[in-house]
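The values are calculated or read from the model by the stated rules, or taken from the named source; none is laboratory data. Given the structure is predicted, the values throughout are model-derived calculations rather than measurements. Glycine gets a Cβ as well: all are built from the backbone with ideal geometry, and neighbour counts include every protein chain shown. Calculation scope for accessible area: heavy atoms of the full protein, side chains included, ligands and nucleic acids excluded. Shrake-Rupley method; radii C 1.70, N 1.55, O 1.52, S 1.80 Å.
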Amino acid sequence: QVQLVESGGGLVQAGGSLTLSCAASGSIFSIDYMGWYRQAPGKQRELVAAVPSGGTTNYADSVKGRFTISRDNAKNTAFLQMNSLKPEDTAVYYCNAHATKVPHGVVYAYWGQGTQVTVSS
């Protein structure tokens, strides 16, 4: 099995910063893709930022210039640096990873349990 564990969420004032971490562990051969999604109350889950292995990062328009996604391939960890936070960034943030367990194996998608980010005005 593959487990994703997020950390770093919390309560912050508007204009502040937070850094989320997502650590993948378990039966992993390779991780092709890591991304961050968020879901606010009453809304659908949406992509925030993603970083494919060896590819270019992409961001939701609403976070461009404020959020930065990165990953440490050696540690199977992804990060989301969030600056200039706004109340509308309040949501549960989920880590997503597409991983294989063996060489040339099937790619499965995994989700973390989510971490709450609350931005007060």
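Among all stretches of the chain without exposed trypsin sites (Lys or Arg not before Pro) (DSSP loop, at most 14 other Cβ atoms within 10 Å), which one is longest? Write out the running numbers ahead of the final one.
Numbers: sites that count: Lys43, Lys64.
No qualifying site falls inside 65-121, the longest such stretch.
What the phi angles of the stretch 35-51 give under the Karplus curve with 6.51, -1.76 and 1.60, with θ = phi - 60°, is a coupling list of x, 10, 10, 9, 9, 8, x, x, 10, 7, 5, 10, 6, 9, 7, 9, 9 Hz, glycine and proline written as x. Once both labels are positioned 7 Å from their Cα atoms along Cα-to-Cβ, the gap between Gln116 and Gln39 label points is 1.5 nm. Scaling against 2.2 N^0.38 Å puts the C-alpha radius of gyration of the stretch 58-121 at 1.35. On full extension, the segment bounded by Asn58 and Val102 gains 13.1 nm, given 0.36 nm per residue less the C-alpha separation. Hey, if you drop one equal point scatterer on each alpha-carbon of the stretch 1-107 and run the Debye formula without solvent, what base-10 log of I(q)/I(0) do you get at q = 0.10, 0.14, 0.15, 0.18 Å⁻¹? The computed values of log10 I(q)/I(0) come out as -0.28, -0.54, -0.62, -0.86.
Take the solvent-accessible surface of the protein heavy atoms, probe 1.4 Å, and return the percent of it on the chain that carbon and sulfur atoms account for.
51 percent
Sorted into 10 angstrom bins from 0, the C-alpha pair distances of the stretch 1-47 split as 19, 42, 31, 9 percent. On a per residue basis, the chain carries 52 Å² of accessible surface, using protein heavy atoms and a 1.4 Å probe.
When only Cα pairs below 8 angstrom with a gap of at least 6 residues are kept, the chain shows a relative contact order of 36 percent. DSSP loop (so not H, G, I, E, B), at most 13 other Cβ within 10 Å: list which chymotrypsin sites (Phe, Trp or Tyr not before Pro) in the stretch 18-118 pass both filters. The qualifying sites are Phe29.
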